[in-house]
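The structure appears below as structure tokens.
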Amino acid sequence: MAKSDECCSVQLIDGDGVFNVDGIDNFIKFVKLGECGLSYAVVSIMGPQSSGKSTLLNNLFATNFKEMNAFIGRSQTTKGIWLARCAGIEPCTLVMDLEGTDGRERGEDDTAFEKQSALFALAVSDIVLINMWCHDIGREQAANKPLLKTVFQVMMRLFSPRKTTLVFVIRDKTRTPLENLEPVLREDVQKIWDSVPKPQAHKDTPLSDFFNVEVVALSSFEEKEEQFREQVANLRQRFFHSIAPGGLAGDRRGVVPASGFSFSAQQIWKVIKENKDLDLPAHKVMVATVRCEEIASEKFAWLATNEDWLSLEEAVQSGPVQGFGKKLSAIINTCLSEYDAEATFFDESVRSGKRQQLQEKLLQLVQSAFQSLLGHIRSGTFDKFKEAFDKALNEGEGFSSAASNCAQTYMAVFDGECAGAIIEQADWDTSKIRDKLRRDIDAHIATIRADKLSELSAKLEEKLKEALAGPVEALLDGANNETWPAIRKLLQRETESAISGLSKGLVGYDMDEKTKEKMITSLKDYARGVVESKTREEAGRVLIRMKDRFSILFSHDSDSMPRVWTGNEDIRAITKTARSSSLKILSVMAALRLNDDDGSGEIDKTLSSTLMNVPNNSNTKDRSIMATDPLASSSWENVPASQTLISPVQCKSIWRQFKTETEYTVSQAIAAQESSKRNNNWLPPPWAIIALLILGFNEFMTLLRNPLYVGLLFVLYLLAKALWVQLDVSAQFSNGLLPGLISLSSTFIPTVMNLLQKLAEEGQQRPAATDPPSNSSLVSKRFQNNSSNDLASTASSAVTSTDSGAEYSSRSKEE
């Protein structure tokens, strides 16, 4: 007895028909069946061998019956009758797995056990699952019709009638709807019932008194496993409370108490075994069917192990095989000839049908090798085509002619090689492989074509970008009234050049005019896009461009020399000119004007009239004027939104920011100009000169009467002039009165001491033999020398002052 966590199974009857009494007793004790009373159900399954009965039960009831290993071969798996308890289903449900019918292991003469086991299942079961293939519906043997007919007869003769539910499980359901399959099955079952001889007591008894017929369909376990399991899970739900009213076995009769199930099963099996009349009529067709199937199986096994076939199969895995079709056709023909020789005395219709099935199985066996060979031929031909095509293009042949010639040549090569691979017995169509090769060739041609055209377009686009981006940037940097006409002219010239190159590059492609026009349009759009992209990029830096132009024009004269603010320049006019030129940049970059009718003059007029001609009085800010502000808008008149780079509102904001950031430069220039004026004007006011002449008349007359005073004043003048030059008083006071006084107070005494020291050194250097001149003459000469030195120093100071002014002007410009 096999056991698991929730399920256990036992062989109830072995393959020789021996009932396992000890085994079933131990099984009943283990599952505690005696405690169930009448609350239990028995389910059995019957059907052809290797039809997936055990697999269905294991998936449906979580049992552990042994299943067939499909990789080893189709053979008998379940021998005799096995019994197991369903896991997780209430009430307690027992499942019987019957040995498959029509098994080759028992042979054609030993079918008694099949009949006895089927009759036993019908006798003890509340629900009988009849497993059958969907494609076998309508067949006499595959649908178990003769077996059911005999079972119905013997069951009524041997046992008291009981209600049994027959569930026909259609396996590997096809596209045919279940609604179309179910009536056929029900009609066949009814016909069997009507044809069965019945006792007088049950002569008019309908089938529904003995059986409930149900039909379900399941998908293929191997091909649609997930769908199969889902359908089985749904079927499993129908076995919960199966004996309750409305359940699958809700109206069963003659139920044996659970404690007497073992004895009842033994007695039923004993009666069935002793009934010698329970035989199905054997006839010629059945014998022919079984024997021809055996012969066909033997020949199939012979081919599967044939050395010549195995060598061909191995060789075709690595590449094409010459003469594959002839060699394999000869092997298959030998196999079929041997079958004909051994099956020649059996029923002709059966023999022919089984021969056709054998041939189909043989061809199915070799089909994978045939498909592999076609795959090698296709891939090899395709590789040769690509090599020849590339070579033709490299030699300068036109693209279209090279593609057409190479495609025709290698399609013919493929057809020739396929002819040598055809198997005589097969009517296989190679058109799908041929079509696939043709599609691969066409796809490769299209890919190369697209790559070549893409490469040509990319080269022209790169050339366009190089030819447009730099010049457009330069034209926008020097924005003026001719900027956009120049850009349009540049765009037109470079676009025409690129289109000319494209037309030359498309020679040999046999391209239709529509596609060619599409590529030309794409190239034009790209060129326009380069200009638009560069313009938008420059528009993002418009404020920087405006400030740069303002700085250049404001800080340099017409000869591009730095301005020195000497006091004679008209700063207001210079500022207006520089701002007007900067405003031109804003006007040029406000919108894209790649069309001739762009209305650019309106934008220029609007900006100039609004931003440059603003009245100074405060009345300009009243509500009426603000309401008619032409820049109080998010779009330009007659300019599409897609062409707008800087909206009127943004222009106004940029101009405000521009003026704010350039005001400092203007104020610095004004300050430098005023400082220069102060440095160049040291005379006192006229009224002061007149006051000095009137009030100092007596002192002047005194000087004229006493020449000594004149000499003394002259000496004092020379000393003062020397100190003025040495102290650089003008430079000290250029920074302001208070800083100048502080600086002079700290340098006055050292400067006087230095001057006196120089005078003493000159006096000592006089020759000793020379007569000393008079004091007045000596002083006069010394002061004359100092005067010449002072003049040189004064000139030097003037140059220094001029340089300082230039430096200040330059520094102001930088700020």
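The values are calculated or read from the model by the stated rules, or taken from the named source; none is laboratory data. All values reported here derive from a predicted model rather than from experimental measurement. Reconstructed Cβ throughout: ideal geometry from the backbone, glycine too, with neighbour counts over all protein chains shown. What goes into the accessible areas is simple: the full protein's heavy atoms, side chains included, and nothing from ligands, DNA or RNA. Shrake-Rupley method; radii C 1.70, N 1.55, O 1.52, S 1.80 Å.
Show me 237-246, 326-335 ranked by packing, highest mean number of other Cβ atoms within 10 Å first. Could the numbers behind the result be given before it?
On the way: 237-246: 14.3, 326-335: 17.1.
The packing order, highest mean first, is 326-335, 237-246.
Packing, as the average of other Cβ atoms within 10 Å across residues, places the peptides 507-515, 305-313, 668-676 in the order 668-676, 305-313, 507-515, highest first. Normalising by residue count, segment 685-729 has a Cα convex hull of 72 Å³ per residue. Per the 1.4 Å probe, what fraction of the accessible area of segment 279-428, in percent, lies on carbon and sulfur atoms? Whole-percent figure for carbon plus sulfur exposure: 49. Along the axis of the charge dipole computed for segment 383-523 (Cβ charges of +1 for Lys and Arg, -1 for Asp and Glu, origin at the Cα centre), the listed residues 523, 445, 403 are led at the positive end by 523. A simple packing score, the average count of other Cβ atoms within 10 Å per residue, orders the peptides 354-367, 198-211, 690-703 as 354-367, 198-211, 690-703, with the highest score first.
What number results when the radius of gyration of segment 279-428, computed over Cα atoms, is divided by 2.2 N^0.38 Å?
For segment 279-428, the normalised Cα radius of gyration comes out at 1.51.
The residues of segment 685-729 expose, per residue, 79 Å² of accessible area to a 1.4 Å probe.
The distance between label points at residue 397 and residue 557 comes to 7.6 nm (points 7 Å beyond Cα on the Cα→Cβ vector).
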